[in-house]
């Protein structure tokens, strides 16, 4: 058996895959054992929320759940727990990227687990079709690198999407404040102003429009203004909107003018946006200096010194050598 493994690279690859699978199964078993108490506590909390006929999941969510959510439920029903010890941090990161579903953290964990096995498996299938098989060390290290990439690639994707979403909200929020100021000065209340601005900004700033529309629906469903504003800050996950909602809550409690509050905050946000644009403009010379030094400066030095080098070779060197 050892001689066959040493002589045949296919057998070596299968042995390597078996070792990798055994290690992964051991890690999964240890993870399930470590998170068993957390799963029991979450199940007790869910059962406590359903006391009196009140379910934690609405019928609309059950009807509109996607393929990934159903897959996660089937996998967890089979005994594999997809929860994470840092699930609260993962849920916060996913909310900042725009994934508001309750099953988003478990779907995120499932995607990472799938990529850990799929990427090395695809590489092994590609190597099987090549006429010259790779060495065992190359196969092992490449599969390990692909597995690590599959583990961290979803995290990089979610963080990049969260940054883009945050930037879109920050850039569009001053326009939202201006429209809200116009609505308030025209005589509309806060709820009517949020509804009007949310409907007006569907095309220009759809993310802000969705946030304002959800807040309006939450107020119409019976939530008080403070809770609706705090939910808006939680869904947005942007510091500027958190400050805005805190300002509205304080203005509502103290009885100050809402129009004045909106005018001052809109002016501050526009000033902050102008400062960010100036900061990017001041960074351009520093960024341009890198390609200037790497690509243009050697060419300029060559063009300026080439005539002197040619003259030296033709005139000075022969004169020094006496030829």
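The values are calculated or read from the model by the stated rules, or taken from the named source; none is laboratory data. Keep in mind that this is a model prediction, so the values were computed, not measured. All Cβ positions, glycine included, derive from the backbone under ideal geometry; neighbour counts span all protein chains shown.
Could you grab me the full set of residues in the stretch 253-267 that are free of Cβ contacts under 8 Å to residues at least 40 places away in the same chain and crowded, with 16+ Cβ neighbours inside 10 Å?
To start, the set of residues in the stretch 253-267 that are free of Cβ contacts under 8 Å to residues at least 40 places away in the same chain comprises 253-257, 260-261, 264, 267.
If the condition is that a residue be free of Cβ contacts under 8 Å to residues at least 40 places away in the same chain and crowded, with 16+ Cβ neighbours inside 10 Å, then 261 is the only one that fits.
Return the total of residues in the stretch 116-156 being under 25 Å from residue 91 (Cβ atoms) and in the same structural domain as residue 25 (by TED's automatic domain parsing).
3
Results for (1) within 20 Å of residue 17 (Cα to Cα); (2) surrounded by fewer than 15 Cβ atoms within 10 Å (Cβ to Cβ); (3) in contact with a helix residue (DSSP H, G or I) (Cβ under 9 Å, 6 or more places away or on another chain), shown as yes or no for each residue.
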{"residue": "102", "(1), (2), (3)": "no, yes, yes"}
{"residue": "125", "(1), (2), (3)": "yes, yes, no"}
{"residue": "130", "(1), (2), (3)": "yes, yes, no"}
{"residue": "133", "(1), (2), (3)": "yes, no, yes"}
{"residue": "141", "(1), (2), (3)": "yes, yes, no"}
{"residue": "150", "(1), (2), (3)": "yes, no, yes"}
{"residue": "155", "(1), (2), (3)": "no, yes, yes"}
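Are any of the residues in the stretch 171-182 in the same structural domain as residue 233 (by TED's automatic domain parsing), assigned to a helix (DSSP H, G or I) and over 22 Å from residue 239 (Cβ atoms)? Break it down stepwise before answering.
Applying the first criterion (in the same structural domain as residue 233 (by TED's automatic domain parsing)) to the stretch 171-182 yields 171-182.
Narrowing further to those that are assigned to a helix (DSSP H, G or I): 171-182.
Checking the rest, the ones that are also over 22 Å from residue 239 (Cβ atoms) come to 182.
Yes.
So how many residues does the stretch 167-189 have that are without any contact (Cβ under 8 Å) to a residue 24 or more places away in the chain and within 15 Å of residue 258 (Cβ to Cβ)?
To start, the set of residues in the stretch 167-189 that are without any contact (Cβ under 8 Å) to a residue 24 or more places away in the chain comprises 167, 179, 182-183, 186-189.
Retained after the next criterion (residues that are within 15 Å of residue 258 (Cβ to Cβ)): 179, 182-183, 186-189.
The qualifying residues number 7.
Consider residue 138 carefully, then state whether it is at pLDDT 80 or above and more than 23 Å from residue 24 (Cα to Cα). Working first, answer last.
Working: at pLDDT 80 or above: yes; more than 23 Å from residue 24 (Cα to Cα): no.
No.
Give the number of residues within the stretch 207-223 that are touching a residue at least 60 places away in the same chain (Cβ under 8 Å) and buried (at least 22 other Cβ atoms within 10 Å of the Cβ).
Within the stretch 207-223, the first condition is being touching a residue at least 60 places away in the same chain (Cβ under 8 Å), and the residues that meet it are 207.
Now narrow it down to the ones that are buried (at least 22 other Cβ atoms within 10 Å of the Cβ): none.
Looking only at that region, the number is 0.
Would you confirm, using the coordinates I've provided, whether residue 162 is touching a helix residue (DSSP H, G or I) at 6+ places or on another chain (Cβ under 8 Å) and buried (at least 16 other Cβ atoms within 10 Å of the Cβ)?
Details: touching a helix residue (DSSP H, G or I) at 6+ places or on another chain (Cβ under 8 Å): yes; buried (at least 16 other Cβ atoms within 10 Å of the Cβ): yes.
For residue 162, the condition - touching a helix residue (DSSP H, G or I) at 6+ places or on another chain (Cβ under 8 Å) and buried (at least 16 other Cβ atoms within 10 Å of the Cβ) - is met.
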